[in-house]
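Worksheet: the structure to be examined is printed underneath.
The values are calculated or read from the model by the stated rules, or taken from the named source; none is laboratory data. A quick note: this is a predicted structure, and the numbers were derived from the prediction, not measured. Heads up, the Cβs are rebuilt from the backbone with ideal geometry, glycines too, and the neighbour counts pull from every protein chain shown. Remember, those area values only see protein heavy atoms, side chains included, never the ligands or the DNA or RNA. Shrake-Rupley method; radii C 1.70, N 1.55, O 1.52, S 1.80 Å.
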Amino acid sequence: MISVEGLKVEFGVKPLFADASFVVNDRDRIALVGKNGAGKSTLLKILCRQQKPTAGNVSVPADCRIGYLPQVMILQDDTTVRQEAQKAFADITRMKDHLDKMNQELAERTDYESEGYLALIEKYTTEHDRYLMLGAENYEAEIERTLMGLGFLRTDFERPTSEFSGGWRMRIELAKILLQKPDVLLLDEPTNHLDIESIQWLEQFLAQSSSAVVLVSHDRAFINNVSNRTLEISCGQIIDYKVKYNEYVVLRKERREQQLRAYENQQKEVADMKDFIERFRYKATKAVQVQQKIKQLEKIVPIEIDEVDNSAMHLKFPPCLRSGDYPIICDEVRKDYGAHTVFDHVTLTIKRGEKVAFVGKNGEGKSTLVKCIMGEIPYTGELKIGHNIQIGYFAQNQAQLLDENITVFQTIDNVAKGDIRLRINDILGAFMFGGEESDKKVKVLSGGERSRLAMIRLLLEPVNLLILDEPTNHLDMPSKDVLKEAIRAFDGTAIIVSHDREFLDGLVTKVYEFGGGRVREHLGGIYDFLQTKKISELNELGKVGNSPSLANSQSVTSELPVRPARTADPQPEEISKALSYAERKEQQKRKNRAEKAVKESEAKIEKMEARLKELDELLMQPENASDMVLVTEYTSTKRTLDEEMERWERLSEELLSL
């Protein structure tokens, strides 16, 4: 497909990478990785010939079609969603117009026996066969399938693109690229504007596609599920690992250990040579040996090692006041925008110390409920903020609230207190503001850099309720690891709006799903929720665990999935806490038994409540008012119901503790 030989790119004294050679083969799924600024986006631009390298060759066959999705692009606003997607089939549209003209000419001509007429028939037949071979008859269905896979509704197809946000218009551009079915797909952060369901759809699409794929993404789960090969840009080189991402992480760790050993050996060898030269420099009998050592020293090529991963650094939120037991209580909360109801009947309780996720398709009300909690917009219903609550809120517009006239370092120095001030440079380095970057004025930072800076500020403020709206969109993997570890160690309560499964995995213990104007509660982690979602796509989500007697409609997952292997290097404390296979199996059995007991209890409660309702109606009739049989049955059923309710509460608490 694409052959790269001796590639070199430099923007200053030191090149981004040099002497890079590799080949992109058919059906390759390549994850392009490296720290921010290593040259990943630059390499993609070179592969699609939007940028020229300093040296080297990139060979692309003449018939090879390349589809490129950049992080930022100029979008059109003068068409509908469907019309914009149809541009992917511009060649087919032109072919159809040409066929229509030939068909019209055949209908108008009467010289049926002439050579020209027969030649026109043959040409029309050939073109029409080619038209059908390209699947032209089904392209409208492909458009609908792709747009709906990326989260659009049928009612969106005829809406002008100007009505959509930048993120949704980026989805339209992604749809156009996928519909063109290029031989090579170059995708630069394709998941930044997608929700969890759309990311999963894209994973499946790429797995079934015949195109080769080269992608840059900070979504660890996504690149691991898609990739079968990893290219790493490190120390000015491009290293080719013929494995998927999570296997690359293991190999890279081994390679770095080898680098360190080789570096230490070389440093010892250099030190010995220098020591020999200094000792015998002025001794005539050793002059020849000294000159040999000097020449050997000049020929040594210094071994470079990867920079130390700052994600190993541990950050903790500063201590804060203890909050009340229930930081957030919503009772029948509703939000309307004109005639459109965003959500209704939202009833939920978030306890102190819980870490929960808000998930769902874009536009279903996740950020809207957050704004209701923050008191930024009006709503109906009752929403209580608990006692002693101090909220730390991160939203996309937080970046615009920074003081533009001070430096990055000053921004953090102004909020840092105590010993943490001695580690400001380390913290900035962990979030890609190391070295001279910390001296930049805020006003020259990009939107992504400002978002990262706002996130660092939040990490240093004393709060007991964290609300994070898409916190990982502009963070690379090491920075996400630092943030995830800090939230995991956080003593307070956290609400996280995110589509990043790997980030949420092991972090949240409850998931609130937004969709169809409702908010449903799912106990368990993000992969528990996703397993439930796959099952409930065949039925109505939220049926499991519903009981008329429950104030909150809860959905308890009936089957827990086996989580995929973590792509990050496990920390020692994680290893020590990891359960063995036998223990996990036994824990799963206990959970299944507990879930079964809860369901059976709920079924009994439903049955008894229905009978009590019938008895109520019977006893309201005058002729049954003194019927002692009915009265006795009512009293007995009510007492049994109360006992069963207590049993249900006990069983539910046991299930939650597993």
Check on His340, closer than 29 Å to Trp168 by Cβ, of a type outside the set (A, V, I, L, M, F, W, C) and either out of contact with any helix residue (DSSP H, G or I) (no Cβ under 7 Å at 6 or more places or on another chain) or open to solvent by 30 Å² or more (accessible area, probe 1.4 Å) (or both): yes
Search result, residues across the range 346-369 that are of a type in the set (Lys, Arg) and more than 23 Å from Lys484 (Cβ to Cβ): Lys361
Selection count, the range 15-70, where residues are under 16 Å from Leu215 (Cα atoms), touching a residue at least 60 places away in the same chain (Cβ under 8 Å) and not in a loop (DSSP other than H, G, I, E, B): 16
1 or more residues at pLDDT 75 or above, of a type in the set (Gly, Ala, Ser) and more than 30 Å from Arg252 (Cβ to Cβ): qualifying helices (runs of 4 or more DSSP H) within the range 569-658: 581-619, 628-657
Top-ranked residue of the range 635-651 - restricted to ones that are free of Cβ contacts under 8 Å to residues at least 12 places away in the same chain and farther than 15 Å from Val598 by Cα, ranked as most open to solvent (accessible area, probe 1.4 Å): Arg639
Scan of the range 418-432 for residues that are open to solvent by less than 40 Å² (accessible area, probe 1.4 Å), more than 25 Å from the chain's Cα centre (by Cα) and closer than 18 Å to Lys480 by Cα, ordered by number: Ile424
Candidates Val544, Val562 - the one that is in contact with a strand residue (DSSP E or B) (Cβ under 6 Å, 6 or more places away or on another chain) and modelled with pLDDT under 50: Val544
Test: Phe89 is in a strand (DSSP E or B) and open to solvent by less than 30 Å² (accessible area, probe 1.4 Å): no
Those strands (runs of 3 or more DSSP E) lying entirely in the range 350-408 with at least 2 residues free of Cβ contacts under 8 Å to residues at least 60 places away in the same chain: 380-385
Within the range 433-475, tally of residues that are open to solvent by 40 Å² or more (accessible area, probe 1.4 Å) and part of a loop (DSSP other than H, G, I, E, B): 5
Any hit, the range 167-174, residues being part of a loop (DSSP other than H, G, I, E, B), touching a residue at least 60 places away in the same chain (Cβ under 8 Å) and surrounded by fewer than 16 Cβ atoms within 10 Å (Cβ to Cβ): no
